[in-house]
Amino acid sequence: MRKAGFWITVLSVWMAVLSVQASRVDTVWVKSPSMNRDVQVVYIVPRQACAGQPEACPVIYLLHGYGNNAKSWLKYKPELLRIADEKGIMFVCPDGKDSWYWNSPLNPDYRFEEFVSKELVQYTDSHYATVASRNGRAITGNSMGGHGALWNAMRHKDVFGAAGSTSGGVDIRPFPGNWGISRQLGAYADNRQRWEEHTVISQTGRIKDGDLALIVDCGSGDFFLKVNLELHRLLQDCGVGHDFIVRPGEHNWTYWINSIDYQILFFEKYFKRRMSGVNAKQTK
């Protein structure tokens, strides 16, 4: 009995240690002054940022696709908890509704560009131990979220240092009747200029080589492959360096839960490169 009691004690202590070291999930409501509403956000906080003396961590803002919500990435990719701990990276997953992450010119209740690139970043840096500069911020997402990530990064390269898109709807113009886009921009036939101005491909002229660390991928069987190939060509024509990957897969979570691993690795390398450069300058 003594021996059994000993092992029970050891197991209890070990489980307590694991619980202290594990990453944490916070589901919070972040106030958006521009939309006058609260937006649900899921935070995956690595143990380094949860400690008594928290360590500042870089952040990946992870945007969901059309029809999903703030909890979708964690639901389909629960390994994000382990990855956060292993790499010391915080993941921030906001609920973007069906916004495409613009400031809608028609609907004042949909100002998700301002929310993501300003209000959410400010809230995150003021409530968590983060690397509060573009050197410690990346943004990516799937499908609608891939469009939103590149849209926000290209227009706010002072906020984000790295960006990605996996299966992103990077050109909305070929899809005038899909995914609620017309609710935000108006019908394509009557608002062609507005649609031109609100697609990612039209934003490539805003960046030059070195402004952003970029990674774009798409499945070979994805209906967004053609527009992603066109984005790749435009970036090449502009001389903007980027990683571009086409691998087997379709437009689904089977593809995204695999592809996001490569993007996280890309961002991890960016963070290490940028932070080592910052630290080197600070020690001179």
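The values are calculated or read from the model by the stated rules, or taken from the named source; none is laboratory data. Since the structure is predicted, the reported quantities are computational estimates derived from the model, not experimental observations. When we count neighbours, we look across all protein chains shown, and the Cβ atoms used for this are built from the backbone with ideal geometry, even at glycine.
For this structure, a couple of remarks:
- The number of residues in region 27-65 being outside any strand (DSSP E or B), in contact with a strand residue (DSSP E or B) (Cβ under 7 Å, 6 or more places away or on another chain) and hydrophobic (A, V, I, L, M, F, W, C) comes to 4.
- Residue that is among the charged types (D, E, K, R) and under 15 Å from the mean Cα position of the chain (by Cα), where the choices are Asp95, Asp85: Asp95
- Boolean, Thr204 is without any contact (Cβ under 8 Å) to a residue 60 or more places away in the chain, touching a Lys or Arg at 6+ places or on another chain (Cβ under 8 Å) and either surrounded by 14 or more Cβ atoms within 10 Å (Cβ to Cβ) or among the β-branched types (Val, Ile, Thr) (or both): no
Residue by residue, here is whether (1) in contact (Cβ under 8 Å) with a residue 12 or more places away in the chain; (2) closer than 19 Å to Lys31 by Cβ; (3) surrounded by 17 or more Cβ atoms within 10 Å (Cβ to Cβ) holds:
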site	(1), (2), (3)
Asp95	yes, yes, yes
Ser99	yes, yes, yes
Leu106	yes, no, no
Arg111	yes, yes, yes
Ser126	no, yes, no
Ala129	yes, no, yes
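- Failed criterion for Ser72 (all others in (1) free of Cβ contacts under 8 Å to residues at least 40 places away in the same chain; (2) in contact with a strand residue (DSSP E or B) (Cβ under 8 Å, 6 or more places away or on another chain); (3) surrounded by fewer than 19 Cβ atoms within 10 Å (Cβ to Cβ) hold): (3)
- Test for Pro78: is it surrounded by fewer than 18 Cβ atoms within 10 Å (Cβ to Cβ), in contact with a Lys or Arg (Cβ under 7 Å, 6 or more places away or on another chain) and not in a helix (DSSP H, G or I): no
- Tally of residues being touching a Lys or Arg at 6+ places or on another chain (Cβ under 9 Å), crowded, with 17+ Cβ neighbours inside 10 Å and modelled with pLDDT of 90 or more across region 5-33: 1
- Flag for Leu106 being touching a helix residue (DSSP H, G or I) at 6+ places or on another chain (Cβ under 7 Å), of a type in the set (A, V, I, L, M) and modelled with pLDDT under 95: yes
- Search result, residues across region 214-266 that are surrounded by fewer than 19 Cβ atoms within 10 Å (Cβ to Cβ) and polar (S, T, N, Q): Ser220, Gln236, Asn252, Thr254, Asn258
- Failed item, numbered, when Gly136 is tested on (1) in contact (Cβ under 8 Å) with a residue 12 or more places away in the chain; (2) surrounded by fewer than 18 Cβ atoms within 10 Å (Cβ to Cβ); (3) among the small types (Gly, Ala, Ser): (2)
- When region 101-128 is filtered for residues that are among the polar types (S, T, N, Q), more than 21 Å from Ser182 (Cβ to Cβ) and over 15 Å from the mean Cα position of the chain (by Cα), the ones remaining, listed by number, are Gln122, Ser126.
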